[in-house]
Amino acid sequence: MGDMVVVRKEGLYCVPGDFYIDPWSPVPRAVITHAHGDHARTGSGHYLAAQPGIGVLKSRLGDISVDGLRYGETVRHNGVTVSLHPAGHVLGSAQVRMEYGGEVWVASGDYKVEPDKTCDPFEPVRCDTFITESTFGLPIYRWQAEQDLMDEINNWWRKNADEGRCSVVFAYSFGKAQRILSGLDAGIGPIVCHGSVEPLNRAYRAEGVHIPPTVLVTDIEKAALRRALVVAPPSASGSSWMKRFGDYSDAFASGWMLLRGARRRRGVDRGFVLSDHADWPGLMSAIKATEAERVIVTHGSIPTLVRWLCQNGLDASGFDTEYGDEEEGEATPPAAAEAPAAGDANA
Amino acid sequence: MREFARLYADLDETTSTTRKLDALQAYFSSATPENAAWAVYFLAGGKPRQAVPTKLLRQYAIDYAALDEWLFDESYQAVGDFAETIAHILPPPTERSDIGLAVWMEERIAPLRGAEPARIRDALFSYWNELEWRERFLLVKLIGGGFRVGVSKLLVTRALAAIAAVDSKLIAQRLMGWTDGRVKPTAAGFLQLIAEQSDDEHTLRGGQPYPFFLSHQLAGEPSQLGAPGDWIVEWKYDGIRAQLVRRGGQNFLWSRGEDLITERFPELAAARLPDGMVLDGEVLIWQPGASLPSPFADLQKRIGRKSLSAKLLAELPVVLCCYDLLELDGVDLRSLPQHERRALLEAEIARLDNPLLRLSPLVQADSWEALALLRAGSRARAVEGMMLKSRTAHYGVGRTKDVGIWWKWKIDPYAIDAVLLYAQPGSGRRASLYTDYTFAVWDGDGEERRLVPFAKAYSGLTDAEIAQVDNVIRRTTIEKFGPVRSVKPTMVFEIGFEGIALSPRHKAGIAVRFPRILRRRTDKAVEEADTLDMLKGLLEAAGA
């Protein structure tokens, strides 16, 4: 039997099932691991996604034909048994398990191993072949415990508030923003969310995730901003929207902030190392837990991870995908993300 | 170490001067004097010798993390900083310690110098296992001798002045010599640094120089400075800025970087001076009877040498071209106006009548236009332009303007259009970005025409331009040699530089000084870049 999942020009394709996983071009049938822009794109005929993520998916892709599947629930499609399992990445994120002819393949989408309060925790799924992401596939990437980080954020906010200075955290509006919100100490001051963050807060609250009360900047007295914490997408940085906050202190929340170079390029006062992807030990433990003998690596540090896994006795190879090309997501290192589209006639 | 790591992080994480100052003050008011002494040493730019060779540090980090060399190297490529790479690849510590900086430096790091490799390995393993990543990062920096922190010496001086409640000029004065590595930072030393002003301040000075007064670049036209008569105008020499200090019957020669360089210039070490005199000037190679100083390249030949033979000293004789007098008969003259110091200087140089000590001549003209005309001839005089010193200026501390000002009015740099040929990633905030470039010019004609590399440059582009160039480099790579990429020649840049000299060591046969990128020439095709012949033409114009 050939490989159950291959790369086609439209995306990852399940051969016996005749469906795609997170396709980057329109296809008849798409299974979506999560609603970040580089994994969920418009134009496909029919979508399948994990139930908790349906709200977000619809809010981003509009009126689509979509079925929601509860985690662990199975459906059969062209003889392939398909089920979705929590990936711990963002609300509704899922790994796709496919079983056919006694063989099991799992496509991870994006995942994070450490649990957090905003989505179901990552669940290791045993399989023969595991398709893993590798965004932070270098041993330098190790995340601190989430609580320590939240303490850092709250302390920074408290200090700013005591000095009468507004705190602004730049974070991707879907996922990262809600993670931060869920860990804030609302006793410090008011919490303001940018207009692009608020709809996602609603989707999270609708799924029963606890997000502290938030307001839009238009709904708060200017004086109260001096004690406020503002959550805004990175694109708001440097925009005129920021002017109202006066002498604010700013921070950027991303796994890339681990490195001083990346932090200084960002030019913010603080970098909070907060990621919704697995760190190096997370990738290693997740791969091990699947007990897969074959591992296929997608977006991130493909050659590095492939070489390391091969060296450690696994049958590893890479898939070229188009994930990680989107601004709204962490999958691209900030250096490359900042590079404007090539406009060089000579090259 | 924890306190110091916290301070380092605070300084590193903010770009705001006020917040850096706050962090420094908070540190100095809580740290014990022995720890603070070492902190001052590092913050003021002290660079201890490497205690453990980089090779061993790297090997033991790889062992400790149970990784392979290639994976370490890939990690290093992504991080762009050796100590930071080690700090992150090691598994988290299982123990925690909080030992002060002084104990770390004196009892834990110093004994590693020259120790048996096995002993170094054991020590590193146990140290790493009690520190979190920020502290490990610092530890490797302190051991590896590459510590740098994003804070100016001026800011450290201000913080100490605030803590001590004394004038920051006094702190700057006391700080001289703190970082030259010959005096160990001690608690007593720190307490003296922040003590109230005393009457015997002067006798405590030893052979120390005064903080150098630094000039500002004149951006616009000098006519904005008022009447030329309010300014003392001199040539700007291209040598080594230095203070020659005579105290206690001995000469001390200090470079601007506060390195003691007396031994490199035995002629000046032996120059006869009256005790209690400090001269400020430029060390230059000047052949007897010559009307002009020799090019900087000649001075470099002396700097590079470990031992100075009699032959070399005869071939490349130095002088101190003096332009300021900071101390006379043991009296600090720095708060006299420039013109009064100048008059005293002229009298002293005349009295000493020593060919080693030349007086920097005044440039006389009655209008800015006339001065501009003279300045245009700078290259023929082997100078970099002019210095404009306010007649009323005191001798300030560092690059300040509060007690008067010195302007440097430099000639425009040489400029040439060159092609980017090789690139390699930078470090620090430029890690993972291709920011260090090698540029080439055309040589030969017709079929034989080829690009010859002549300069490396890495500064001069904005972040947005760097991102664009980085993008093109990645898309036009031909070959990779380790971190270096050769690229298809597609990009032309205007490269500026200050000087040019023959150099058999360089492929192009010439070497340029202070090359930097002036701008990207998107309007020029690669074929239109400049040629080696044009560069050589500049060489002749420079009279070299």
(request) Check B:SER294, B:SER309 and return the single one that is touching a strand residue (DSSP E or B) at 6+ places or on another chain (Cβ under 6 Å) and of a type in the set (Ser, Thr, Tyr). (result) B:SER294
(request) Answer yes or no as to whether A:SER59 is more than 17 Å from A:GLY324 (Cα to Cα), of a type in the set (S, T, N, Q) and touching a helix residue (DSSP H, G or I) at 6+ places or on another chain (Cβ under 7 Å). (result) yes
(request) State the number of residues belonging to the stretch A:116-151 that are within 14 Å of chain B (Cβ to nearest Cβ) and in a loop (DSSP other than H, G, I, E, B). (result) 11
(message) Being more than 28 Å from B:ALA219 (Cβ to Cβ) and touching a Ser or Thr at 6+ places or on another chain (Cβ under 7 Å) is the filter here; which residues of the stretch B:410-442 pass it?
(response) B:LEU421, B:TYR422, B:PRO425, B:VAL441, B:TRP442
(message) So if I check each of B:GLN25, B:GLN50, which one is within 22 Å of B:SER427 (Cβ to Cβ) and surrounded by fewer than 21 Cβ atoms within 10 Å (Cβ to Cβ)?
(response) B:GLN50
(request) Taking B:GLY304 as meeting all but one of (1) of a type outside the set (D, E, K, R); (2) within 24 Å of B:GLY396 (Cα to Cα); (3) surrounded by fewer than 20 Cβ atoms within 10 Å (Cβ to Cβ); (4) within 24 Å of the chain's Cα centre (by Cα), write down the number of the exception. (result) (2)
(request) Can you confirm whether the stretch B:136-152 contains a residue that is more than 22 Å from the chain's Cα centre (by Cα) and either assigned to a loop (DSSP other than H, G, I, E, B) or hydroxyl-bearing (Ser, Thr, Tyr) (or both)? (result) no
(request) Give the residues of the stretch B:259-272 that are part of a loop (DSSP other than H, G, I, E, B) and buried (at least 21 other Cβ atoms within 10 Å of the Cβ), sorted by residue number. (result) B:PHE265
(message) Considering only residues that are within 12 Å of chain A (Cβ to nearest Cβ) and of a type in the set (D, E, K, R), which ones fall in the stretch B:7-47?
(response) B:ASP10, B:ASP12, B:GLU13, B:ARG19, B:LYS20, B:ASP22
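Residues are listed down the side, and each one gets a yes or a no for (1) acidic (Asp, Glu); (2) touching an Asp or Glu at 6+ places or on another chain (Cβ under 9 Å); (3) free of Cβ contacts under 8 Å to residues at least 40 places away in the same chain; (4) within 30 Å of B:ALA172 (Cβ to Cβ):
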{"position": "B:ASP63", "(1), (2), (3), (4)": "yes, no, no, no"}
{"position": "B:TRP70", "(1), (2), (3), (4)": "no, no, yes, no"}
{"position": "B:GLU74", "(1), (2), (3), (4)": "yes, no, yes, no"}
{"position": "B:ALA83", "(1), (2), (3), (4)": "no, no, no, yes"}
{"position": "B:LEU90", "(1), (2), (3), (4)": "no, no, no, no"}
{"position": "B:ASP98", "(1), (2), (3), (4)": "yes, yes, no, no"}
{"position": "B:PRO117", "(1), (2), (3), (4)": "no, no, no, no"}
(request) Inspect the stretch A:55-66 for any residue being over 19 Å from A:PRO199 (Cβ atoms) and over 13 Å from the mean Cα position of the chain (by Cα) and give the result as yes or no. (result) yes
(request) Restricting attention to helices (runs of 4 or more DSSP H) lying wholly within the stretch B:52-108, give those where 1 or more residues are more than 7 Å from chain A (Cβ to nearest Cβ), hydroxyl-bearing (Ser, Thr, Tyr) and over 29 Å from the mean Cα position of the chain (by Cα). (result) B:54-65
(message) Name the residue that is surrounded by the most Cβ atoms within 10 Å (Cβ to Cβ), counting only residues in the stretch B:521-533 that are out of contact with any strand residue (DSSP E or B) (no Cβ under 6 Å at 6 or more places or on another chain) and not polar (S, T, N, Q).
(response) B:ALA525
(request) State the number of residues belonging to the stretch A:264-291 that are at the interface with chain B (Cβ under 9 Å from one of its Cβ atoms) and closer than 20 Å to A:THR118 by Cα. (result) 0
(request) List the strands (runs of 3 or more DSSP E) that sit entirely inside the stretch B:317-400 and contain at least 3 residues that are of a type outside the set (Lys, Arg). (result) B:318-328, B:383-390
(message) Residue under question is A:VAL209, and the condition is that it be touching a Ser or Thr at 6+ places or on another chain (Cβ under 6 Å), touching a residue at least 60 places away in the same chain (Cβ under 8 Å) and among the hydrophobic types (A, V, I, L, M, F, W, C); does it hold?
(response) yes
(request) Could you please give the count of residues in the stretch A:177-188 that are assigned to a helix (DSSP H, G or I) and under 15 Å from A:ALA161 (Cα atoms)? (result) 0
(request) Hey, can you tell me all the residues within the stretch B:429-460 that are in a loop (DSSP other than H, G, I, E, B), crowded, with 20+ Cβ neighbours inside 10 Å and either more than 9 Å from every other protein chain (Cβ to nearest Cβ) or not polar (S, T, N, Q) (or both)? (result) B:ALA431, B:LEU433
(message) Here are the criteria: (1) away from every other protein chain (no Cβ under 14 Å); (2) under 27 Å from A:ASP116 (Cα atoms); (3) out of contact with any Cys (no Cβ under 8 Å at 6 or more places or on another chain). Tell me which single one A:VAL230 does not satisfy.
(response) (3)
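Yes or no, residue by residue, for (1) surrounded by fewer than 24 Cβ atoms within 10 Å (Cβ to Cβ); (2) within 23 Å of the chain's Cα centre (by Cα); (3) part of a loop (DSSP other than H, G, I, E, B); (4) in contact (Cβ under 8 Å) with a residue 12 or more places away in the chain:
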| residue | (1), (2), (3), (4) |
| --- | --- |
| A:GLY17 | yes, no, yes, yes |
| A:TYR20 | yes, yes, no, yes |
| A:PRO23 | no, yes, yes, yes |
| A:PRO26 | yes, yes, yes, yes |
| A:THR33 | no, yes, yes, yes |
| A:GLY37 | yes, yes, yes, yes |
(message) Would you confirm whether or not the stretch B:190-198 contains a residue that is among the aromatic types (Phe, Trp, Tyr) and under 20 Å from B:LEU325 (Cβ atoms)?
(response) no
(message) Testing B:LEU225 on (1) over 28 Å from the mean Cα position of the chain (by Cα); (2) surrounded by 12 or more Cβ atoms within 10 Å (Cβ to Cβ); (3) modelled with pLDDT under 90, one condition comes back false. Which one is that?
(response) (3)
(message) Step by step: first the residues of the stretch B:510-532, then only those that are free of Cβ contacts under 8 Å to residues at least 60 places away in the same chain and out of contact with any Phe, Trp or Tyr (no Cβ under 9 Å at 6 or more places or on another chain), then the one that is nearest to B:LEU421 (Cα to Cα). Which residue is that?
(response) B:ALA525
(request) Taking the options A:GLU326, A:GLU330, name whichever one is over 25 Å from B:GLY80 (Cβ atoms), within 23 Å of the chain's Cα centre (by Cα), surrounded by 17 or more Cβ atoms within 10 Å (Cβ to Cβ) and modelled with pLDDT under 95. (result) A:GLU326
(request) Find the residue count for the stretch B:509-520, including only residues that are away from every other protein chain (no Cβ under 11 Å), out of contact with any Gly (no Cβ under 6 Å at 6 or more places or on another chain) and buried (at least 16 other Cβ atoms within 10 Å of the Cβ). (result) 5
(message) I'm told B:ILE473 meets every condition in (1) free of Cβ contacts under 8 Å to residues at least 24 places away in the same chain; (2) within 14 Å of chain A (Cβ to nearest Cβ); (3) not small (Gly, Ala, Ser) except one. Can you identify the failing condition by its number?
(response) (1)
(request) Determine which single condition A:SER301 fails, assuming it passes every other condition in (1) touching a residue at least 24 places away in the same chain (Cβ under 8 Å); (2) away from chain B (no Cβ under 14 Å); (3) not basic (Lys, Arg). (result) (2)
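The values are calculated or read from the model by the stated rules, or taken from the named source; none is laboratory data. Everything quoted here is computed from the prediction, not taken from an experiment. Neighbour counts run over all protein chains shown; Cβ positions are idealised from the backbone, glycine included.
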